[in-house]
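Asks: First the structure, which I've put down as structure tokens, then a few questions once you've had a look.
The values are calculated or read from the model by the stated rules, or taken from the named source; none is laboratory data. If you're wondering where the values come from, they're calculated on a predicted model, not measured in any experiment. Neighbour counts run over all protein chains shown; Cβ positions are idealised from the backbone, glycine included. To get the accessible areas, we keep the full protein, side chains included, count just its heavy atoms, and leave off ligands, DNA and RNA. Shrake-Rupley method; radii C 1.70, N 1.55, O 1.52, S 1.80 Å.
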Amino acid sequence: MKLDVIKLDGGKAGSVDLSDDLFGLEPRADILHRVVRWQRNNAQAGTHKVKTRSETSYSTKKIYRQKGTGGARHGDRNAPIFRKGGIYKGPTPRSHGHDLPKKFRKLGLRHALSAKAKAGELVVIDAAESDGKTAALAKQVKNLGWKRALIIDGAQVNEGFARAARNIEGLDVLPSMGANVYDILKRDTLVITKAGVEALEARLK
């Protein structure tokens, strides 16, 4: 598929041929869902923890004698049946991550790129370069109508551009190796530089 290339100032900079293997697929929600779930589960800290009956701070003394009280039999106050006692089978620190085949992860990224292209939310720019001034870049972004955008550059992000974009709300910048399904779907507009297109095609071929 062919797409027009623009500059950050809004001017035209020719066109680019995009691979149908990356940008021309019919997006499948089930594939995108599985990859996003894999990403979010791997990112989850898993630091949840409750105290068991061996960790709560009551005495281990038997609260009353075994027989003759008319009440139920009990040991110490740490039992889960009591208020402030230990929790039975509660969450413990663990990893929520699970495996997903590398081929499937690549397929998910292709479908995410295709989803943006199909929705008309894909923009290709000539280059992502700036003198490092946030105000100038913010004005260009506003003129282009990008409210929540992800910009994917080549192997390296221009240092001045990254510095200028750092303080603009709703604007994220990633190198091509950092491109991922969750960040692509989270933003309204996907902006890729020409170098980024070449790098993604090399990475996902």
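Asks: Sequence neighbours fewer than 8 away in the same chain don't count; with that in mind, list the lysines whose C-alpha is under 19 Å from LYS89.
Replies: Result set, ordered by chain and number: LYS49, LYS51.
Asks: Roughly how many debye, to the nearest 20, is the charge dipole of the range 114-181 about its Cα centre, given +1 on each Lys and Arg Cβ, -1 on each Asp and Glu Cβ, and no other charges? Spell out each step's value before the answer.
Replies: Details: 9 positive and 8 negative charges, 62 e Å.
Result for the range 114-181 is approximately 300 debye, rounded to the nearest 20.
Asks: Check the straight Cα-Cα distances from LYS139 and name the lysines below 19 Å, setting aside those fewer than 8 residues away within the same chain.
Replies: Here the lysines satisfying the reach criterion relative to LYS139 are LYS7, LYS12, LYS147.
Asks: Return one whole number: the accessible area per residue of the range 98-167 in Å², for a 1.4 Å probe. Each step should come with its number before you reach the end.
Replies: Details: 3940 Å² over 70 residues.
Ligands and nucleic acids excluded, the figure is 56 Å² per residue.
Asks: Let me ask something else. Count the DSSP beta bridges whose two residues both fall in the chain, then state the antiparallel fraction as a percent rounded to the nearest 5. Kindly include the intermediate steps, with their values, before the conclusion.
Replies: On the way: 4 of 18 bridges.
If we restrict to bridges inside the chain, about 20 percent are antiparallel.
Asks: Right, something else. If you put +1 on each Lys and Arg Cβ and -1 on each Asp and Glu Cβ, how big is the dipole of the range 58-122 around its Cα centre, in Debye rounded to 20?
Replies: Numbers: 17 positive and 3 negative charges, 43 e Å.
In total the dipole reaches around 200 debye.
Asks: Please list the non-local residues whose amide H lies under 5 Å from the amide H of VAL173, H modeled 1.01 Å from N, same-chain partners needing a gap of 5 or more.
Replies: Amide H neighbours of VAL173, under 5 Å, 5+ apart: ILE151.
Asks: Using a 1.4 Å probe on the protein chains only, how many percent of the accessible area of the chain belongs to carbon and sulfur?
Replies: Working: 6240 of 12710 Å².
Carbon plus sulfur share of accessible area: 49 percent.
Asks: With θ set to phi - 60°, apply the Karplus curve 6.51 cos²θ - 1.76 cosθ + 1.60 along the range 73-78 and write out the HN-Hα couplings as whole Hz, x wherever there is a Gly or Pro.
Replies: Result, ordered by residue: 6, 9, x, 9, 6, 7 Hz.
Asks: Another question about this same structure. Using the charge dipole of the chain (Lys, Arg: +1 at Cβ; Asp, Glu: -1 at Cβ; taken about the Cα centre), state which of VAL197, LEU3, MET177 has its Cα farthest towards the positive end.
Replies: Among VAL197, LEU3, MET177, the one farthest towards the positive end of the dipole of the chain is MET177.
Asks: Let me ask something additional. Expressed as a rounded percentage, what relative contact order does the range 50-90 have, with Cα pairs under 8 Å and six or more residues apart?
Replies: On the way: 59 pairs, mean separation 20.4, N = 41.
Computed over the range 50-90, the figure is 50 percent.
Asks: Considering the dipole of the range 50-90 built from charges on the beta carbon (Lys and Arg +1, Asp and Glu -1) around the Cα centre, which of GLY90, PRO80, VAL50 is farthest to its positive end?
Replies: After comparing all options, I get PRO80.
Asks: Here's something else I'd like to know. At 222 nm, what value in deg cm²/dmol follows for the chain if DSSP H runs of at least 4 each add -39500 (n - 2.57) and the sum is divided by all its residues, to the nearest 500? List each step's numbers first, then the result.
Replies: On the way: 7 runs with 71 residues, N = 205.
Using -39500 (n - 2.57) per qualifying helix, the result is -10000 deg cm²/dmol.
Asks: Report ³J(HN,Hα) in whole Hz for each residue of the range 58-65, in order, from the Karplus equation J = 6.51 cos²θ - 1.76 cosθ + 1.60 where θ = phi - 60°; Gly and Pro get x.
Replies: Karplus values, whole Hz, x for Gly and Pro: 9, 5, 8, 6, 5, 6, 7, 5.
Asks: Moving on to the next point. Most fluctuating residue of ASP183, ASP20, ASP99 in a GNM of the chain with Cα springs under 10 Å: which is it?
Replies: Largest GNM mean-square fluctuation: ASP99.
Asks: Something else about it: Once you've got the GNM for the chain with C-alpha springs shorter than 10 Å, pick whichever of GLY68, GLY46, GLY24 has the biggest mean-square fluctuation.
Replies: Fluctuation is largest for GLY68.
Asks: Moving on. Tell me, what is the per residue accessible area of the range 50-90 in Å², probe radius 1.4 Å?
Replies: On the way: 3470 Å² over 41 residues.
Here the per-residue accessible area is 85 Å².
Asks: While we're on this one: Quick one: length gained pulling GLN44 to ASP183 fully straight, 0.36 nm per residue minus the C-alpha distance? Don't skip to the answer; put the middle values down first.
Replies: On the way: separation 139, 0.36 × 139 = 50.04 nm, distance 1.58 nm.
Full extension from GLN44 to ASP183 adds 48.5 nm.
Asks: Turning to a different aspect of this structure: Solvent-accessible area of PHE82, probe 1.4 Å, all protein chains present, reported in Å² to the nearest ten, please.
Replies: Accessible area of PHE82: about 40 Å².
Asks: Explain nothing, just compute: Karplus ³J(HN,Hα) = 6.51 cos²θ - 1.76 cosθ + 1.60, θ = phi - 60°, for every residue of the range 140-146 in order, whole Hz, x for Gly and Pro.
Replies: Listing the rounded values in order: 5, 4, 5, 5, 7, x, 8 Hz.
Asks: Most mobile of ILE184, ILE31, ILE81 per a Gaussian network model of the chain (Cα springs, under 10 Å)?
Replies: ILE81
Asks: Under unit Cβ charges (Lys, Arg +1; Asp, Glu -1), what dipole magnitude, rounded to 20 debye, does the chain have relative to its Cα centre? Mind dumping the intermediate values first?
Replies: Values: 39 positive and 22 negative charges, 471 e Å.
Charge dipole of the chain: 2260 debye, to the nearest 20.
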